[in-house]
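Visitor: What follows is a structure written as structure tokens; I'll ask about it next.
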Amino acid sequence: AQSVTQLDSQVPVFEEAPVELRCNYSSSVSVYLFWYVQYPNQGLQLLLKYLSGSTLVESINGFEAEFNKSQTSFHLRKPSVHISDTAEYFCAVSDRGSGNQFYFGTGTSLTVIP
Amino acid sequence: NAGVTQTPKFQVLKTGQSMTLQCAQDMNHNSMYWYRQDPGMGLRLIYYSASEGTTDKGEVPNGYNVSRLNKREFSLRLESAAPSQTSVYFCAGDWGQGYEQYFGPGTRLTVT
């Protein structure tokens, strides 16, 4: 079974500063990778995903993540954060070798400070 | 399209009471899931249904039962609620190919 590790439970960052949210998973054999965002009192929304092809994927609101197979990582980055980026971020892995089962990390709470 | 919907949004139960959380989707998902979300623990899978007519246990199934009523609907039942079941419950669905899951807005349940 996969395990997904988000080492940072809370990340405070000043507005317009860069941010990186880290995600590591246990096995890179045949996986799809996702970042979800959860705003307060809402459900999870897909932010971006890696299925195949280019290892760098981007979202419409300026986030990007890079699939690194050798390091089994899928870190999320944004060069300049806004107040509206304050939310909980979850990394997820779909393990195609185990019936496409999803595994979620424990989440990183990003707080953007004015 | 409504996507994935859940009812109710909030619920307060006393210990020992029963209730059913409802989930419906209009996205033609083959697979549906029930998760619970607790602080610091992320999402934990309770039960899932890979296809209509099948259900399987996830990571934390004790104290819960599910029914895949048809392709659209997947309900979660608490037969005898306990304070440890205080949580936020999310329903999700996908097409069963390992691509993204689509989540409902959640049900916030408090058991006193």
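Throughout, read-outs are computed from the coordinates displayed, never taken from laboratory work. Nothing here was measured: the structure is a model prediction, and the numbers come from that model. Positions of Cβ are backbone-derived with ideal geometry, glycine not excepted, and every protein chain shown enters the neighbour counts.
Visitor: As an exercise, use a Förster radius of 45 Å and the Cβ-Cβ distance of residue B:108 and residue A:69 to find the FRET efficiency, rounded to the nearest 0.05.
Guide: FRET efficiency, residue B:108 to residue A:69: 0.70.
Visitor: Still on this structure, I have one more. Round to the nearest 0.05 the FRET efficiency obtained for residue A:54 and residue A:27 when R0 = 30 Å and r is the Cβ-Cβ distance.
Guide: Calculated transfer efficiency: 0.90.
Visitor: What lysines could a cross-link reach from residue B:9, if we take a straight Cα to Cα line under 26 Å and drop same-chain neighbours fewer than 8 places away?
Guide: B:57, B:71
Visitor: Could you pull out the GluC sites (Glu not before Pro) across the range B:1-102 that fall in loop regions by DSSP (anything but H, G, I, E, B) with no more than 13 other Cβ atoms inside 10 Å?
Guide: B:59, B:79
Visitor: Could you tally the net charge around residue A:25, taking each other residue with its Cβ under 12 Å from the Cβ of residue A:25, Lys/Arg +1 and Asp/Glu -1?
Guide: +1
Visitor: If you average the alpha carbon positions of the range A:61-114 and of the range B:1-78, how far apart do those two centres end up, in angstrom?
Guide: Each part's Cα centre sits 24 Å from the other's.
Visitor: Give the residue from A:97, B:91, B:55 lying farthest towards the positive end of the charge dipole for the protein assembly as shown; charges sit on Cβ (+1 for Lys and Arg, -1 for Asp and Glu) and the dipole is referred to the Cα centre.
Guide: B:55
Visitor: Then there is this: Could you pull out the trypsin sites (Lys or Arg not before Pro) across the range A:13-73 that fall in loop regions by DSSP (anything but H, G, I, E, B) with no more than 16 other Cβ atoms inside 10 Å?
Guide: Answer by residue number: A:69.
Visitor: Next up: Using C-alpha positions alone, give me the convex hull volume of the protein assembly as shown per residue in cubic angstrom.
Guide: Enclosed volume per residue, from the Cα hull, is 122 Å³.
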